[in-house]
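**Student:** Before anything else, here's the structure in question.
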Amino acid sequence: MGRAFRVHGAWRLGPRLSVERVNNKSDGGRQMLYLPQVRGDWTNRWSVFEITAGYQVQNQQALQQQQTLTGQPVTTSVDQRSLYLSAAYRVRF
């Protein structure tokens, strides 16, 4: 879980930020991915309860074939944003 901070009792909370850049050599495009998230867990002797929440921002840019009139390449861009929430309960034995 990286760095976790004790919040109250057996609860811990930990922030995380991932940034990823991918260059596509075949089409000259690139992709940027930003993923901030927060993970919390509650642990006791026999079980663990985890909650993860985050926000994903993805930006893709790609060069397409040259335009026939000007001869300039055309760049397309797609932005995608999404929220997510995940919960899990594990029993230790």
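**Student:** Among the residues in segment 5-27, are any closer than 16 Å to ARG90 by Cβ and not in a strand (DSSP E or B)?
**Tutor:** yes
**Student:** Report yes if some residue within segment 72-83 is open to solvent by less than 70 Å² (accessible area, probe 1.4 Å), hydroxyl-bearing (Ser, Thr, Tyr), touching a Lys or Arg at 6+ places or on another chain (Cβ under 7 Å) and modelled with pLDDT of 85 or more; otherwise report no.
**Tutor:** No, the conditions are met nowhere in segment 72-83.
**Student:** Just checking, which of ALA53, ALA10, ALA4 is at pLDDT below 85 and open to solvent by less than 80 Å² (accessible area, probe 1.4 Å)?
**Tutor:** On inspection, the qualifying residue turns out to be ALA4.
The values are calculated or read from the model by the stated rules, or taken from the named source; none is laboratory data. Since the structure is predicted, the reported quantities are computational estimates derived from the model, not experimental observations. All Cβ positions, glycine included, derive from the backbone under ideal geometry; neighbour counts span all protein chains shown. What goes into the accessible areas is simple: the full protein's heavy atoms, side chains included, and nothing from ligands, DNA or RNA. Shrake-Rupley method; radii C 1.70, N 1.55, O 1.52, S 1.80 Å.
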